[in-house]
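Below is one structure; the comments refer to it alone.
The values are calculated or read from the model by the stated rules, or taken from the named source; none is laboratory data. These figures come from a predicted structure and were not determined experimentally. Every residue, glycine as well, gets a Cβ built from its backbone with ideal geometry; the counts of neighbours run over all protein chains shown.
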Amino acid sequence: MANQIPVVDYLSLDGAPHLEAQECENCGALYFGRRNACAKCFKPGPFKVRRLADTGTIRGFSIIQRAVPGLTAPYVSALVDLDGGGSVKGNIINTEPSPENIKLGMPVRLATYSLGTDDDGTEAVAFGFQPA
């Protein structure tokens, strides 16, 4: 599809889809989205864009049993520690949302999926993680 837009600013669709964080050049702390100052070292930067790993492990998760109309439940919401640094919340996709299939420490890999296409043909792209 020619026109795609990521649903969050830190999902890059340039080349292979990947996540990007702002990295404090003073202390190495990572943040999603623009920062005026570092919450770890309290310095005003500078910050640089850092491409994050596409792989990680599940630190914590919850299986959500109820959802608003239009969303399918159950689904898995997880906190993923990325290999090489950084952590992010994302849904676990492409696997059955059950305690037998999702485990703490489970290796996962970044995956993208379409949320839909608008009348102009622009596709909204989201990210999640799937078992590695």
Query raised in the report: Taking segment 1-42 as the region of interest, how many residues are surrounded by fewer than 16 Cβ atoms within 10 Å (Cβ to Cβ), of a type in the set (A, V, I, L, M, F, W, C), at pLDDT 95 or above and over 16 Å from the mean Cα position of the chain (by Cα)?
Result: 5
Report summary line: Within segment 1-30, the residues that are of a type in the set (Asp, Glu) and within 20 Å of Gly116 (Cα to Cα) are Asp9, Asp14
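Quickly run through segment 64-89 and pick out the residues that are in contact (Cβ under 8 Å) with a residue 60 or more places away in the chain and not in a loop (DSSP other than H, G, I, E, B).
Leu82, Val88 - these are the residues of segment 64-89 that are in contact (Cβ under 8 Å) with a residue 60 or more places away in the chain and not in a loop (DSSP other than H, G, I, E, B).
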Query raised in the report: Checking Leu115 against (1) surrounded by fewer than 16 Cβ atoms within 10 Å (Cβ to Cβ); (2) modelled with pLDDT of 95 or more; (3) out of contact with any Leu (no Cβ under 7 Å at 6 or more places or on another chain), which test does it fail?
Result: (2)
Report summary line: The condition of being at pLDDT 95 or above, within 30 Å of Asn3 (Cα to Cα), of a type in the set (S, T, N, Q) and part of a loop (DSSP other than H, G, I, E, B) holds, among Asn94, Asn101, only for Asn94
Query raised in the report: Hey, Ala53 hits all of (1) part of a loop (DSSP other than H, G, I, E, B); (2) loosely packed, with under 13 Cβ neighbours inside 10 Å; (3) not charged (D, E, K, R) but one; which does it fall short on?
Result: (2)
**Report entry** Test: residue in segment 79-94 that is under 14 Å from the mean Cα position of the chain (by Cα) and of a type in the set (Asp, Glu)
**Finding:** yes
**Report entry** Count - residues of segment 94-113 that are within 22 Å of Leu19 (Cβ to Cβ), free of Cβ contacts under 8 Å to residues at least 40 places away in the same chain and hydroxyl-bearing (Ser, Thr, Tyr)
**Finding:** 2
